[in-house]
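Read through the structure below, which is laid out as structure tokens, and then see the notes.
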Amino acid sequence: MSEALLIFGYGNPSRGDDALGPELLGLLEGERERRPGWETIETQTDFQLQIEHALDLEGRGLALFIDASVSGPGPFAFVRVLPEEDRTYSSHALSPAAVLQVWEQVKGVPAPPAYLLTVRGYEFELGEPIGEAARANLEAAFRFAIALCEDRSPESWARAAGR
């Protein structure tokens with residue numbers, strides 16, 4: 001299996017704490033430049049996940065989705081994502097589980113192991129910056145994500161997710 005890690009940070013940078021996913025992704029991109037061994041980490045960002053993002057899993061051994069959470073635990077949560085059909089009526093704004101399901105339907109092979117890191121946010125108003133409380137959560141999630149990127153073994157990630 002490939003050692004390549006795809007990190008996908010998504011959210012709307014114009015909606016306050018909804019920018020936590022892209023913001024954390026940007027911090028990790030900065031670290032990638034300074035850390036040896038991070039050459040196989042690739043990043044993607046968008047406002048929301050869509051069907052086309054399933055194809056971004058090509059050649060990846062592991063995937064990490066990063067998003068803001070409106071009601072999850074703080075400062076962050078880290079869980080395994082398994083392929084699951086989305087129950088919505090739109091081809092826009094898929095869940096990470098639905099992206100994995102699309103991959104399996106299109107490619108006919110299992111999706112790479114995937115995880116979701118959600119950073120707790122509180123203020124999602126249009127035109128607002130990331131709030132102070134969410135920034136503290138972002139810092140904690142950043143330290144956690146660095147540890148994930150340093151040890152990309154599926155076994156370590158499964159332990160970190162409590163599985």
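The values are calculated or read from the model by the stated rules, or taken from the named source; none is laboratory data. This one's a predicted model, so the numbers in the text were calculated from it and none came from an experiment. Glycine gets a Cβ as well: all are built from the backbone with ideal geometry, and neighbour counts include every protein chain shown.
Just one of ALA145, ALA134 is small (Gly, Ala, Ser), surrounded by 15 or more Cβ atoms within 10 Å (Cβ to Cβ), touching a Gly at 6+ places or on another chain (Cβ under 6 Å) and at negative phi; which is it?
On the way: ALA145 fails: touching a Gly at 6+ places or on another chain (Cβ under 6 Å).
Just one listed residue meets the conditions, ALA134.
Say we look at the stretch 45-70 and pick out the residues that are of a type in the set (S, T, N, Q) and surrounded by 15 or more Cβ atoms within 10 Å (Cβ to Cβ); which of these is farthest from ARG135 (Cα to Cα)? My answer is GLN50. If you go through the stretch 60-77 one residue at a time, do you hit one that is in contact with a Leu (Cβ under 9 Å, 6 or more places away or on another chain), farther than 19 Å from GLY9 by Cα and of a type in the set (A, V, I, L, M)? No. The residues of the stretch 46-84 that are under 11 Å from LEU100 (Cβ atoms) and not in a loop (DSSP other than H, G, I, E, B), listed by number, are LEU49, HIS53, ALA54, LEU57, ALA63, PHE65, ARG80, VAL81. You will find that of PRO22, PRO73, PRO13, the residue that is under 14 Å from ILE130 (Cα atoms) and either β-branched (Val, Ile, Thr) or modelled with pLDDT under 95 (or both) is PRO13 and no other.
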